[in-house]
Structures are given as structure tokens and as C-alpha cells.
1. Here are the criteria: (1) outside any loop (DSSP other than H, G, I, E, B); (2) surrounded by 18 or more Cβ atoms within 10 Å (Cβ to Cβ). Tell me which single one Ile210 does not satisfy.
2. So is Gly452 small (Gly, Ala, Ser), within 30 Å of Ala174 (Cβ to Cβ) and open to solvent by less than 50 Å² (accessible area, probe 1.4 Å) or not?
3. Hey, any hits in region 7-27 for a residue that's over 30 Å from Phe129 (Cα atoms), at pLDDT 55 or above and open to solvent by 60 Å² or more (accessible area, probe 1.4 Å)?
4. Restricting to region 249-293, name every residue that is farther than 29 Å from Asp239 by Cα, part of a loop (DSSP other than H, G, I, E, B), touching a Lys or Arg at 6+ places or on another chain (Cβ under 7 Å) and open to solvent by 40 Å² or more (accessible area, probe 1.4 Å).
5. Could you go through region 176-186 and let me know if any residue there is open to solvent by less than 30 Å² (accessible area, probe 1.4 Å), free of Cβ contacts under 8 Å to residues at least 40 places away in the same chain, part of a helix (DSSP H, G or I) and not charged (D, E, K, R).
6. So, in region 39-73, of the ones that are β-branched (Val, Ile, Thr) and open to solvent by less than 20 Å² (accessible area, probe 1.4 Å), which residue ends up farthest from Arg278 (Cα to Cα)?
7. In region 94-105, is there at least one residue being among the small types (Gly, Ala, Ser), open to solvent by 50 Å² or more (accessible area, probe 1.4 Å) and within 30 Å of Val328 (Cα to Cα)?
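The values are calculated or read from the model by the stated rules, or taken from the named source; none is laboratory data. In this text the structure is predicted, and so the values were computed from the model without any measurement. For neighbour counting, all protein chains shown are included, and Cβ atoms are generated from backbone atoms with ideal geometry for every residue, glycine included. Just the protein is used for accessible areas: all its heavy atoms, side chains included, with ligands, DNA and RNA removed. Shrake-Rupley method; radii C 1.70, N 1.55, O 1.52, S 1.80 Å.
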Amino acid sequence: MNLRSSVIGWAAAGAVGWGLAGCASAPASALPSVQDQVTSRAGLTVGWPKTSAERSARGDAVRVLLARDLTPETAVEIALLNSPELQATFEDLGISEADLFASGRMHNPTFFASTRWPDSHPRGPDAEFSLTADLLDDFLIPVRQRVARSQVAAAENRVARAAIDLAAEVKVAAYTLAGQQMFRSRLQAIADANGAAAELAQRQFDAGNISRLDLARDQTAAQEAQLQLMRAEAQIQADRETLNRLLGLTSAQAEWKFAGELAPLPAPDFIPADLESRALAQRLDLSAAQSDLTVAQSGYELRRKTRLSPASVNVGVDTERNPDGSRVTGPQLTIGLPIFDQGQADLARLSAEVRRSQDRVDGLKSAIAAEVRSARAALQSARAAADYYARTILPQRELILRETLLNYNAMQKSSYELLFAKEEQLRAEREGIEALRDYWIARVELEKAAGGKLEAP
């Protein structure tokens, strides 16, 4: 076989190889990994609707959930289905998947063509054609794929963490709204009672049975109760809008009803002794930071090992038709020599990236441990406060109000003393509701800090 046929055969084989590389399969979805991480840590289900049919099905599911009274759990379901911010975060998976797909493909070959005409005989054109590809790029495909897989893993961890964080934020907003609605219900009852008392006082004053001072006190109490009720209503509306934002609801979807009140204190919380270690093993933001560190280290090692290698190795075939009709065909080799740039700047930059990634991992580990300790102490304190209000403060205030009312009816206590007892009772009820709300919020924050639900073995 002569040289020309050998070169043409080699070029044909290379073309087939490039064609096969161009027919690589589409990137696999990283969604199952994200779903497994969210389910195993938080017991939640997430989706990533891409097509019009999937988005339509998502809208139907949201409408079904909104048709029922909302609870913290159903609010989380809606947020995971419908939050635009979370869905935007999911697109990071698509970007990383595309990068992984691209990392396994060869770069396109380069085709060169040139035609020249001589200024003397023979007058035929001098035509030259070549087809080349970077051979070094082919050898780097496995390395690029390893780096891209690490980047996909980091994206999976970040997306799963975003879903868990959103669920926690929704629960906090829902518990805040539930507590405010409980307080509003109590204020409504007090406002009704004070309004009735003011009307009775007006009749007693008209009959000459009480003084103008006593009438003014009763009327002021009724007016102040109405003012507190208006403030509570305004706060409820603000809390509802916070949930609307987190759930991604439109104005047309904002007329939902929130069911129930804050649940009473449950059985004692299960807080494992090794909670800090569990958090370090479970926290997805730490896993993402560690993946970033792996990517940085791989990039540094690759550049260190290849710093004196050719910048590019282009191989191909070149054929030229001379003006006299003869043809010259043969292989072509182009090598980029590392003479002036031997990768010093790249190594310095990559080394800095490794140190930065390592510092971030170390800092995050320290922050997670501190966050867990703080959240654990906050939960224990909130539980103790809520239990103390329920067992001690509220019963005492109810007893004081009841005895003051009996003495008032026996004309042994003034209306001012009765009003003061009512105000103290209301303050104790408000603080008791806030303590119970703070407990449920602290429970959510500890689970968030631990990177998963707290469940007894």
C-alpha cells in the first residue's frame, strides 16, 4: 500500500471515530439522586417539571392542595411543587448535566482550504486542503469527565439542600401564621367581651350606678382591644404574603385558608448525643463544598502533570494539487510547544483555588458545629419555656382573673383591678402562644442545622 492510500485510510478511520463521538447518548438525569437525598434526609418529595404536560400536571396538583385548608405540611408540598426560585435552582442540574455530556465529546475537527494561481505557466490553480483534529483533546476526555462528574455531584447537593432549606423556611412561616391566628382568635374573644362590658357600663352610667371614670376605663379597654385586634389582622396579612411568596402563588391563588392552631408540645424530643457528627455527615452544603474542593484539586493535579506537555497536538491529513496537475498528499502534525508559557500562572491560580476551597470546607465544618449547638440549646430553652407557660404561668393567671372577677362582683375589687387582671391574662396568653410557636420554629431550625429529620432509632 502506497503512502497516499495509507493516509487516506487513516483519515477515513479518524472521520468514523469523530462521527461515533458525535453520536454519544444524551446526558442522564441527575434528578433521581436529588430525590433520594431529599427523601432520605427530610422525608419529602421533589420534582423537576420540564415539559408543558409536566408543568400542567404540577398546576393541577397545586390547585388540589389549595382547595383544602392549608397546614404546614401541605404548604411544604406546594412550595416544593410550585416555587419558581426552587425550579430555577433545579436548572443548575441541567447545566451541569450538559457540561458532563460535553466533557465526553471530542472537539470538532478543523477543515482548511486554500486556492492560489501562479503568475506564470502553467496557469492551473494550486489547491490545498487539510483536515486536522487535536489528538491531545482525545486523551483528556476521561479527565474532563471526572471533573464534570464532581461538578454534577456538587450541583445535586446544592439543589437538594435548597429544597430542604425551602421546606424549613415554609414551616417557619406556617408556624408563625398559626401562632398569630391563635392570638387573633383570643383577641377577638376579648374584644367582644370588652365591647359588651363597655355597653353595660354605659347603661350603668346612664342609670347613675357608676362614675364617669369607671365608664371611661371600660370604654378604653374596649377600644384598646379593638386596636390590638386590628394590629393582629395586619400581621396575619403580612404573614400570609410571606407564605404566598415562598409558595410561588399568584394573586388569584392567594385566598387559601389556613387550618388549625399550633399543636401542643409533643413527647420529649429525640436529640442524639452525636448530633454534630451526624450533621457533618448529612449536611448537603458541606458535601457540595467538598465536591468543589475535589474539582479544584483535580484541576491543579492535571495542570501540574501537563504543564510541560504540548499545548496542543493537531494531527490530520493534507493534500495539495499543484498547477501542473500533480498532487501531494500526506499526514500533518502541528504541536504547540510550551516554551514561553509553562503553566506557572495557571498553577498559581489553581493552587489558590485549592486553598480557598479547603478553607471554605474547614470554615463550614466549624460553622455547622456551632449552628447545631446553638439550635440544640434554643430548642431545649424553647421547650422549657413553652412547658412552663402551659403548666404554671397560664393556670396562675387564669386563677388570678377568676378570683379578681369574684371579688369584683362582691364589690371588693375595683374595675381598674379587674381590667389589670384581664390585661395580665392576655399578656400571659400571648407570651404562651409565642413560646409554643418558638418551640416549633426551634425544632425546624435544629433539623435544618442537622441536615435531616430528628428521628429516634
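1. All conditions pass for Ile210, except number (1).
2. When the stated conditions are applied, Gly452 passes them.
3. No, that holds for no residue.
4. Ile271
5. no
6. Val62
7. no
Per-residue answers, yes or no, for (1) touching a residue at least 12 places away in the same chain (Cβ under 8 Å); (2) of a type in the set (Val, Ile, Thr); (3) open to solvent by 40 Å² or more (accessible area, probe 1.4 Å):
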residue	(1), (2), (3)
Val295	yes, yes, no
Leu308	yes, no, yes
Asp318	yes, no, no
Asp324	yes, no, yes
Gly330	yes, no, no
Thr334	yes, yes, yes
